[in-house]
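The values are calculated or read from the model by the stated rules, or taken from the named source; none is laboratory data. Keep in mind that this is a model prediction, so the values were computed, not measured. Cβ placement follows ideal geometry from the backbone for every residue including glycine, while neighbour counts extend to all protein chains displayed.
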There are 2 protein chains.
Amino acid sequence: MSPTPARTSRAAIVRAARDLLEEGGPDAVTMAGVAARVGVRPPSLYKRVRDRAALLEAVATDAADELATVLSGAAGEPGDPPEERLAGLAHAYRAYARRSPRAAAMLFMDLGPGTHAPLEAAARAARPVVDVAADLVGPDAALPAARVLTSFVHGFTSMELAGAFRLGGSVDDAFELGVTTLARGLRDVAG
Amino acid sequence: MSPTPARTSRAAIVRAARDLLEEGGPDAVTMAGVAARVGVRPPSLYKRVRDRAALLEAVATDAADELATVLSGAAGEPGDPPEERLAGLAHAYRAYARRSPRAAAMLFMDLGPGTHAPLEAAARAARPVVDVAADLVGPDAALPAARVLTSFVHGFTSMELAGAFRLGGSVDDAFELGVTTLARGLRDVAG
DNA sequence: ACCTGAACACCGTTCAAGT
DNA sequence: ACCTGAACACCGTTCAAGT
């Protein structure tokens, strides 16, 4: 008779999947689990999502979009010293990665062929880093400098979240050392 | 009657799993696929391996052990300048990550609670980095310096292998920039 | 002592039938 | 137009029975 109204939404599904991801890792993101969270039966999910792989890709894209918002809010003022602005971006990323560790781990994970959506969103998120790097080393050297900085921050946080720093010593100090060494060093190399 | 002789080995199983991983990603590592490769039926695998998760953990540990061999062979001579020795280690890691991209991605991946085996093997692999870092910045600052260097190299290679560097420019040059900036910068910070 | 077929539980996915 | 029960394929895992 009358068409039944939608009982859930793609956004609610992605949110439920992301919650399950953070609670129990990728294996915990089952179609049955997601369906139960949004109050629907598993087959209904396929009206909003192609399959489980596409759902995980949507979760990664969602996380990258959120990171983009976080970083644009942490880029500081154009008048501030670029070294300080870069440090602000680095700390904002680390705080984000601690808040959403499993989603952060998916940002640069290989999700199979044809999955550029998360990478494009991540590239958008990296925009402020390139901008501030341009202030630090000039427009020509901005891209490689941003790549170096992003690599360090991403690598450090993934190792940290994986529990790879187990030999003692202050992990905070090591992060600070990396940020300041790169900010100063990149400026000097370009200058 | 007479006990049947072993028709495969744990090493062969791990090797087959690692091959499948590199060919098709984690999803391609099925117990049936591994069993077929080693010429046995799936239930027989459980004589050598607790379950699939333990098999993947063994693959990661195997890859980390191989990395340890690669890096100790690339640490250079004690007489060489530490900056050059660090660059050699960085390039050796990158070459290894390109040869075994999916296994490298598993090195610092969260494999669930109680899976320190790969992390311990990775720590062993990082030993030469700490040693050379000590030559560069002294024994007290060696650990944080090694953490910074390892984070950069790991982060850069994972982003590279995920296809995250899509804005043009020379990726090789960016890697070189990171390595030299860190080697010089860390030395100056400590000095 | 290791191997296997058969069986089971679980999960992703499809589809015809309902409203 | 969306939702669902039923069904199917596939995979991880167990176990009794073989040698």
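Of everything listed in (1) basic (Lys, Arg); (2) in a loop (DSSP other than H, G, I, E, B); (3) surrounded by fewer than 17 Cβ atoms within 10 Å (Cβ to Cβ), the single unmet condition for B:Arg48 is (3). Here B:Ala58 clears all of (1) touching a Leu at 6+ places or on another chain (Cβ under 9 Å); (2) over 27 Å from B:Leu186 (Cβ atoms) except the condition numbered (1). Selection of segment B:28-59 for residues being near DNA strand D (Cβ under 8 Å from one of its atoms), touching a residue at least 40 places away in the same chain (Cβ under 8 Å) and either within 14 Å of chain A (Cβ to nearest Cβ) or touching a Cys at 6+ places or on another chain (Cβ under 7 Å) (or both) yields only B:Ala53.
Only a single item in (1) buried (at least 18 other Cβ atoms within 10 Å of the Cβ); (2) of a type in the set (Gly, Ala, Ser); (3) over 19 Å from B:Thr115 (Cα atoms) is not met by B:Ala17, and it is number (3).
Residues checked against (1) within 30 Å of A:Arg124 (Cα to Cα); (2) of a type in the set (Gly, Ala, Ser):
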| position | (1), (2) |
| --- | --- |
| B:Ala95 | yes, yes |
| B:Asp135 | no, no |
| B:Leu143 | no, no |
| B:Phe156 | yes, no |
| B:Ser170 | yes, yes |
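For A:Ala104, the conditions (1) more than 12 Å from DNA strand C (Cβ to nearest atom); (2) away from chain B (no Cβ under 14 Å) all hold with the exception of (2).
Among the numbered conditions (1) under 20 Å from the mean Cα position of the chain (by Cα); (2) more than 14 Å from chain A (Cβ to nearest Cβ); (3) away from DNA strand C (no atom under 12 Å from the Cβ); (4) not polar (S, T, N, Q), tell me where B:Gly25 comes up short. Evaluating B:Gly25 over (1) under 20 Å from the mean Cα position of the chain (by Cα); (2) more than 14 Å from chain A (Cβ to nearest Cβ); (3) away from DNA strand C (no atom under 12 Å from the Cβ); (4) not polar (S, T, N, Q) leaves (2) as the failure. The set of residues from segment B:34-45 being in a helix (DSSP H, G or I) and surrounded by 14 or more Cβ atoms within 10 Å (Cβ to Cβ) comprises B:Val34, B:Ala35, B:Ala36, B:Arg37, B:Val38, B:Ser44, B:Leu45. For A:Thr61, are the conditions met, namely being at pLDDT below 95 and either surrounded by fewer than 20 Cβ atoms within 10 Å (Cβ to Cβ) or farther than 22 Å from B:Asp172 by Cβ (or both)? No; evaluated as a whole, the condition is false for this residue.
Among the residues of segment A:1-18, the one identified as near DNA strand D (Cβ under 9 Å from one of its atoms) and among the charged types (D, E, K, R) is A:Arg7. So which residues in segment B:3-16 are in a helix (DSSP H, G or I) and either within 16 Å of B:Arg41 (Cβ to Cβ) or within 16 Å of the chain's Cα centre (by Cα) (or both), if there are any at all? The answer is B:Ala12, B:Ile13, B:Val14, B:Arg15, B:Ala16. Among the residues of segment A:118-133, is any surrounded by fewer than 18 Cβ atoms within 10 Å (Cβ to Cβ), within 11 Å of chain B (Cβ to nearest Cβ) and in a loop (DSSP other than H, G, I, E, B)? No - not one qualifying residue is present in segment A:118-133.
Checked against (1) more than 18 Å from the chain's Cα centre (by Cα); (2) more than 23 Å from A:Leu119 (Cβ to Cβ), A:Arg50 passes all but condition (2).
Would you please name the residue that is surrounded by the fewest Cβ atoms within 10 Å (Cβ to Cβ), looking only at residues in segment A:72-117 that are in a helix (DSSP H, G or I) and hydroxyl-bearing (Ser, Thr, Tyr)?
Looking at residues that are in a helix (DSSP H, G or I) and hydroxyl-bearing (Ser, Thr, Tyr), I get A:Ser72.
Consider B:Leu21 carefully, then state whether it is within 14 Å of DNA strand D (Cβ to nearest atom), at pLDDT 95 or above and closer than 17 Å to B:Ala105 by Cα. Criteria met by B:Leu21.
From the list A:Gly138, A:Gly169, the lone residue that is more than 23 Å from A:Phe108 (Cβ to Cβ) and touching a Leu at 6+ places or on another chain (Cβ under 8 Å) is A:Gly169.
Here is a list: B:Ala32, B:Ala95. Which entry is more than 23 Å from A:Phe165 (Cα to Cα), outside the structural domain of B:His154 (by TED's automatic domain parsing) and among the aliphatic types (A, V, I, L, M)?
B:Ala32
Taken over segment B:152-189, residues that are at the interface with chain A (Cβ under 7 Å from one of its Cβ atoms), surrounded by fewer than 18 Cβ atoms within 10 Å (Cβ to Cβ) and either at positive phi or outside any helix (DSSP H, G or I) (or both) amount to 4.
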